[in-house]
1. Just in the stretch 69-126: which GluC sites (Glu not before Pro) are loop by DSSP and have at most 16 other Cβ atoms within 10 Å?
2. Can you list the residues, at least 5 places off or on another chain, whose amide H is less than 5 Å from the amide H of Thr72, using H built in the peptide plane?
3. Just the accessible area for Tyr86, please: 1.4 Å probe, Å², rounded to the nearest 10?
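The values are calculated or read from the model by the stated rules, or taken from the named source; none is laboratory data. Since the model is a prediction, treat every value here as computed from it, not as a measurement. Note that we place each Cβ from the backbone using ideal geometry, even for glycine, and neighbour counts take in every protein chain shown. For the accessible areas, the whole protein counts, side chains as well, though only heavy atoms, and no ligand, DNA or RNA atoms are used. Shrake-Rupley method; radii C 1.70, N 1.55, O 1.52, S 1.80 Å.
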Amino acid sequence: MEELKMYLKITPEAQAKLQSKIGETKVKVLLDFDDGVGAFSRVGTCTLASVFRILLVDPTVDSHDYDENVDTDMGPFSIKGYSKMYMDENMTLELNDKTQMLRLKGANSGELTAAVNVERFEVGVF
């Protein structure tokens, strides 16, 4: 049986917001399910929160926990493979007009995260 291919549609407004955070710097983009796993987590190892965030990291940083990719309108975003169970096959990252925050929605499950933070992790200068 062939595995389903996930896709994250990023609206033009969301792309503009993300690009403003990325700038001209070369980064690796992680679509992180912040569950306490990995060097970038800010929560304890046990949490009931289901919060996705976008992490911009130096491409040379060890990000082995992010072992799979999701195709997007801006190129591949790396994810923790097991976090796919919380995602839909087709998702959308859009800009909320009222809050100006990014919102992650699933085609079947509705809103996955109402306010997706974009965080930059720098090692030295990159």
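1. Glu89, Glu122
2. Sorted by chain and number, the residues that satisfy this are Leu8, Phe77.
3. Accessible surface of Tyr86 is approximately 100 Å².
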